[in-house]
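What follows is one structure encoded as structure tokens, with my remarks underneath.
The values are calculated or read from the model by the stated rules, or taken from the named source; none is laboratory data. This is a predicted model, so every value here is computed, not measured. Here the Cβ positions follow ideal geometry from the backbone for every residue, glycine too, while neighbour counts run over all protein chains shown.
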Amino acid sequence: MKSRTVSDFWKFFDNLPSEIQNRAFKKYKQWRKNPFAGSLMFKRVSESEPVYSVRIGQGYRALGILEEDTVYWYFIGNHDEYEREIKRL
């Protein structure tokens with residue numbers, strides 16, 4: 001599976017605490033090796049849209065849209081922000 005980011009992703013990323021940014025990089029490396037590793041909790045979160053979630057750590061998630069074999073990451077943030085994004089789908 002391939003991975004790309006959209007520009008908004010980096011705006012969200014830049015607003016995260018540095019500890020979470022570092023954890024996100026580690027989780028990304030893990031995702032590249034095995035997207036379905038249990039600790040990532042990579043899963044589809046919308047029945048109507050091909051939107052997937054990955055766990056960054058306790059309280060943080062990233063969202064991406066799967067198109068063919070590529071996930072386009074567009075959001076990363078805390079769990080409350082994540083829940084708001086999910087409700088918009």
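The figures follow:
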| item | result |
| --- | --- |
| The range 16-63: number of residues that are of a type outside the set (D, E, K, R) and in contact (Cβ under 8 Å) with a residue 24 or more places away in the chain | 16 |
| Which listed residue, of 55, 23, is of a type in the set (D, E, K, R), more than 14 Å from residue 85 (Cβ to Cβ), at pLDDT 95 or above and part of a helix (DSSP H, G or I) | 23 |
| Residues within the range 43-52 that are within 23 Å of residue 7 (Cβ to Cβ) and in a loop (DSSP other than H, G, I, E, B), tallied | 4 |
